[in-house]
Amino acid sequence: TAKPIIFSGMQPSSDSLHLGNYIGALKQWTQMQEDFDAFFCVVNLHAITVPQDPKELAERTRRTAAQYIAAGIDPEKSTLFIQSHVPAHAELAWVLNTLTGFGEASRMTQFKDKSQRFGSDSTSVGLFTYPILMAADILLYQAASVPVGEDQRQHVELTRDIANRFNTRFGETFVVPEATIPKSAAKIYDLQDPTSKMSKSADTEAGLIKVLDPANVTKKKIMRAVTDADGEIRFDREAKPGVSNLLGIYSVLTGRDIPSLEAEYAGRGYGDLKKGLAEVVEETFGPIRERTEELLSDRGELDRLLAGAAERANEVASRTLDTVYDRIGL
Ligand code: ADP
Ligand code: NA
């Protein structure tokens, strides 16, 4: 019997993924690929909704794909592809644009946040219709579920509304997807500002643990992480956000529970905890970094993997698009 289909993606918008991306998305994906028919996409069409340097975008797209594989996405099990290799994404997005209300799109909070940051003159219409392209991404593969972070819930809701609208108007065509927001996809906080989530859009990189950074750079950042003055290694998100973030990361990377970590570090200093954490992070990211470099050094092999995946994605996506065109009389 066919496995249920999932779709998820990330933008190639920095030179390295960060620890939040790894724990919140990538690690979940690697665990899901056994039980699902998974489509994992590097969404470069989404990335150009804000200005990008062309050379850098191309490079980051490859690096992002390489990091997916290096972190454990198996190209034999999952379809790992680049969004722009599958023309149906842009084509279906156009159709869905014509079925989405202006007011409905205007209610998307991520657009409101981002457009406020850029100002209306440098905000593109593409940024406004971003969630509609995301709807196309998901619906093309008839995905039953979409593993995403909490911040994407509203976009998946919009996708459901558009799918239902299309199905009602033109006949059953799309599977109506659910957002799956895994509990284990713990939220990771900035090392310097441990009440804000770790994000590539932070003002400085001092609080950002990057998958591809050398071990000594990561260690330095962890050793300088903000903690507190009471000196006790104890998990308390409210009173001790910095220490709790370190413990949370430690726990999720090792699979050990918080009480056992508190017990291990009882009576010891923050420096010990940080040293221990730096080792744990390196145990996870060291091999990923090496494998990423290997993959990037053999352009032919990575391109071959991505081309094969694009072929499979194209097959599925164009089948859906054909049906859509047929239904609406194109
Ligand atoms: P960023 O916030 O750095 O721009 P993205 O929005 O590109 O990250 O997120 C890509 C994926 O990584 C999403 O699935 C998102 O939920 C997850 N993610 C990003 N930051 C974190 C974080 N700090 N903790 C947990 N998951 C995160
Ligand atoms: Na984001």
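Which order do peptides 126-139, 146-159, 4-17 fall in by mean Cβ count within 10 Å, highest first? Please list the in-between numbers first.
Numbers: 126-139: 23.4, 146-159: 19.0, 4-17: 21.3.
Descending mean neighbour count gives 126-139, 4-17, 146-159.
Beta carbons within 10 angstrom, averaged per residue: use that to sort the peptides 235-245, 101-111, highest first. All intermediate terms of the calculation are to be shown ahead of the outcome.
Working: 235-245: 17.3, 101-111: 12.8.
Packing order, densest peptide first, comes out as 235-245, 101-111.
What number in nm² do you get for the chain if you take the convex hull of its Cα atoms and divide its surface by four? Walk me through the numbers before you get to the answer.
Numbers: hull surface 72.2 nm².
Taking a quarter of the hull surface, the average projection is 18.1 nm².
Once both labels are modelled 7 Å past Cα along the beta-carbon direction, what's the Asp236-Arg169 spacing in nm?
5.6 nm
Let me make sure I get this right: for region 65-203, a, b and c are the square roots of the gyration tensor eigenvalues over alpha carbons, sorted descending. Under 1.5 in a/c it's rounded, otherwise prolate if a/b > b/c, else oblate. Which is it?
oblate
Which whole-Hz ³J(HN,Hα) couplings does region 161-176 yield from phi under the Karplus relation 6.51 cos²θ - 1.76 cosθ + 1.60, θ = phi - 60°, glycine and proline marked x?
Calculated HN-Hα couplings, in order: 4, 5, 4, 4, 4, 4, 4, 5, 7, 10, x, 3, 9, 10, 5, 8 Hz.
Taking the full set of protein chains and a 1.4 angstrom probe, give the accessible area of Thr204 in square angstrom, rounded to the nearest 10.
About 80 Å², rounded to the nearest 10.
Note down the accessible area of Glu282, probe 1.4 Å, to the nearest 10 Å².
My reading of the accessible area for Glu282 is about 60 Å².
May I ask you to give the solvent-accessible area per residue for region 106-195, in square angstrom, as obtained with a 1.4 angstrom probe?
On the way: 4370 Å² over 90 residues.
With the other protein chains kept in place, region 106-195 gives 49 Å² per residue.
Given an 8 Å cut-off on Cα distances and at least 6 residues of separation, report the relative contact order of region 204-330 as a percent.
Values: 86 pairs, mean separation 28.8, N = 127.
Relative contact order, region 204-330: 23 percent.
Report, in whole Å, the centroid distance computed from the Cα atoms of region 195-215 and region 87-133.
Rounded to whole Å, the Cα centres lie 27 Å apart.
Quick one: P(r) of region 214-330 from all Cα-Cα pairs, 10 Å bins, percents rounded to integers, in order of increasing distance.
P(r) over region 214-330, rounded to whole percents: 12, 28, 17, 14, 16, 10, 2, 0.
Sort Lys55, Lys3, Lys183 by accessible area with a 1.4 Å probe, largest first. Write out the running numbers ahead of the final one.
Working: Lys55 170, Lys3 105, Lys183 205 Å².
Result of the area sort, largest leading: Lys183, Lys55, Lys3.
Let me have the relative contact order for region 1-133, percent, based on Cα pairs under 8 Å that are six or more residues apart.
29 percent
Carbon-plus-sulfur fraction of the accessible area of region 205-261, 1.4 Å probe, in percent? Please report the intermediate quantities before stating the final value.
On the way: 1370 of 2590 Å².
Percent of accessible area from carbon and sulfur atoms in region 205-261: 53.
For the pair Ala58 and Glu264, how long in nm is the line joining their label points, each one 7 Å along Cα→Cβ?
Each label point is offset 7 Å from its Cα along the Cβ direction, giving 4.5 nm.
Could you look at region 91-154 and say what percent of its accessible area is carbon and sulfur, using a 1.4 Å probe and all protein chains?
Values: 1700 of 2980 Å².
C and S fraction of accessible area: 57 percent.
What percentages make up the Cα-Cα pair-distance distribution of region 37-123 when the bins are 10 Å wide from 0?
Histogramming region 37-123 at 10 Å steps yields 13, 34, 36, 16, 1 percent.
I'd like the FRET efficiency for Asp74 and Glu283, computed as 1/(1 + (r/R0)^6) with the beta carbon distance as r and R0 of 22 Å, rounded to 0.05. The partial results should precede the final answer.
Details: r = 21 Å, r/R0 = 0.94.
After rounding to 0.05, the efficiency reads 0.60.
Cα centroid distance between region 244-296 and region 45-68, in Å?
Between the Cα centre of region 244-296 and that of region 45-68, the gap is 29 Å.
Put Ile258, Ile288 in order of accessible area, largest first, 1.4 Å probe: what do you get?
Ranked from most to least accessible, the order is Ile258, Ile288.
Would you mind computing Rg(Cα) / (2.2 N^0.38 Å) for region 258-297, counting N as its residues?
Details: Rg = 14.6 Å, N = 40, 2.2 N^0.38 = 8.9 Å.
Compactness ratio reported: 1.64.
Could you please state how large a percent of the accessible area of region 284-330 is carbon and sulfur, counting protein chains only and using a 1.4 Å probe?
The value for region 284-330 is 45 percent carbon and sulfur by accessible area.
In square angstrom, what is the accessible area per residue of region 197-306 with a 1.4 angstrom probe?
51 Å²
Between Lys275 and Ser196, how high is the FRET efficiency from 1/(1 + (r/R0)^6) when r is the Cβ-Cβ distance and R₀ = 35 Å? Nearest 0.05.
After rounding to 0.05, the efficiency reads 0.90.
What number, in percent, do you get for the relative contact order of the chain if the mean sequence gap of Cα pairs under 8 Å and at least 6 apart is divided by its residue count?
Over the chain, the number comes to 22 percent.
Is there a quick way to get the dipole size of region 270-330? I mean about its Cα centre, with the Cβ of Lys and Arg at +1 and of Asp and Glu at -1; what is the value in debye to the nearest 20?
Dipole magnitude for region 270-330 comes out near 260 debye.
So for each of 194-201, 87-94 I average, over its residues, the number of other beta carbons within 10 Å; can you give me the resulting order with the highest mean first? Show your work: numbers first, answer last.
Values: 194-201: 16.4, 87-94: 18.0.
Output ranking for 194-201, 87-94: 87-94, 194-201.
Tell me the volume per residue, in Å³, of the convex hull enclosing the alpha carbons of region 145-187.
So the per-residue hull volume is 45 Å³.
The values are calculated or read from the model by the stated rules, or taken from the named source; none is laboratory data. Every value quoted in this text rests on a predicted model; they were computed, and no experiment measured them. Methodologically, a virtual Cβ is constructed for each residue, glycine included, from the backbone with ideal geometry; neighbour enumeration extends over all protein chains shown. Accessible surface areas use protein heavy atoms only, side chains included; no ligands, DNA or RNA. Shrake-Rupley method; radii C 1.70, N 1.55, O 1.52, S 1.80 Å.
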